[in-house]
Amino acid sequence: KMETWGNAQTMNLENVLYQNIVNNLYLQNELAEINTYHEILDEIYNKVEYLGPWIPRTKTPSTAFCILYKMSQVQFTMKQMNGMLSHEDSPYIRALAVLYIRYFTPPQYLWEWFEGLMEDDEELLIEPRGKPTTIGRIVRGLLREPKFNESMLPRIPVAIQRTLLDQLDEYERKNGTGQPKAAMFKEAPRVPSPRARDDGYSRGGRDSDRGKDRAGGGQYRDLDAPSARDRDRDGDRGRDREYRGGSDRGGDRDRDTGRDYGRDRDRDRDYGRRDRDRD
């Protein structure tokens, strides 16, 4: 049997995850019928589609972690564990062997287990719709990070952790392997820069967005830009001039009409005088 480490009952899982696993119907019913190494491999091959501990947006433990807990009850041998780590049928078989070692075996042996997997580049999923990662990245993350997909890992004693990090740094210097991507962890939300936030609030918060209209090529056209305002002002001025010009011309027509009326009235008076003189 393999040497184990820590709490044999909980497999060193964090308490909330452990409680949800032992109360899960999948563990109590289907996995209760599975008791051998080969049955475990078949179950992983047929059922596991991602490696994270939870079904997304729920507190229901994933198939992978229910099987991981079942593995602690079967108690594998060293030969069986090496067989899982070199298994080629599914990357999830190797990945669950890696998680079993990180959770449930003495941490001073982690480097011996993991070194040969650093360059394993077969892809798999941590979450159903997440970005693929590789076995190698998972292994390096399990040595560096205190959490796996936001679930706490068993604490490694400080002296052993320091040695593991030194070994990992040296390995990466020699092999040119960068630090693992954050595929195992949820990406932090992007926070706008202070300048961007200030600009937004100084222009009136949400109202500032109303001055933008989507244009072709993925660009934004700012309707509050000076050129747009100038065009609007020019248009208004043109309309004002037309209006005022029209009013002036109308006034001129009225004045001309008044002058014509006055001349007609003078002629009428002259005709009247001549008529009286003839009489």
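The values are calculated or read from the model by the stated rules, or taken from the named source; none is laboratory data. All values reported here derive from a predicted model rather than from experimental measurement. Cβ placement follows ideal geometry from the backbone for every residue including glycine, while neighbour counts extend to all protein chains displayed. Quick note on the areas: whole protein, heavy atoms, side chains included, nothing else; ligands and nucleic acids left out. Shrake-Rupley method; radii C 1.70, N 1.55, O 1.52, S 1.80 Å.
Brief remarks follow.
- Shape category assigned to the stretch 48-188 from the gyration tensor of Cα positions, a/c cut at 1.5: rounded
- Local electrostatic count at Ala32 - Lys and Arg +1, Asp and Glu -1, tallied over other residues with Cβ under 13 Å: -3
- The overall shape of the stretch 35-122 is rounded: from the C-alpha gyration tensor, with semi-axes ordered a ≥ b ≥ c, the ratio a/c is less than 1.5.
- Proximal charge balance of Leu153 [Cβ under 15 Å; K/R count +1, D/E count -1]: +2
- Accessible surface for Ile160 stands near 40 Å², nearest 10, in the context of the full protein assembly shown (1.4 Å probe).
- Taking Arg94, Arg155 and ordering them by how much accessible surface each has at a 1.4 Å probe, largest first, produces Arg155, Arg94.
- Full extension of the chain between Gln108 and His38 yields a length gain of 22.4 nm, computed as 0.36 nm times the residue separation minus the alpha carbon distance.
- For the stretch 1-60, a/c is not less than 1.5, where a ≥ b ≥ c are the root eigenvalues of the C-alpha gyration tensor, and a/b does not top b/c. That puts it in the oblate class.
- Accessible surface of Tyr69, taken over heavy atoms with a 1.4 Å probe and every protein chain present, rounds to 20 Å².
- For the set Lys1/Lys147; Lys1/Lys131; Lys1/Lys47; Lys70/Lys147, the pairs lying more than 29 angstrom apart at their alpha carbons are Lys1/Lys131.
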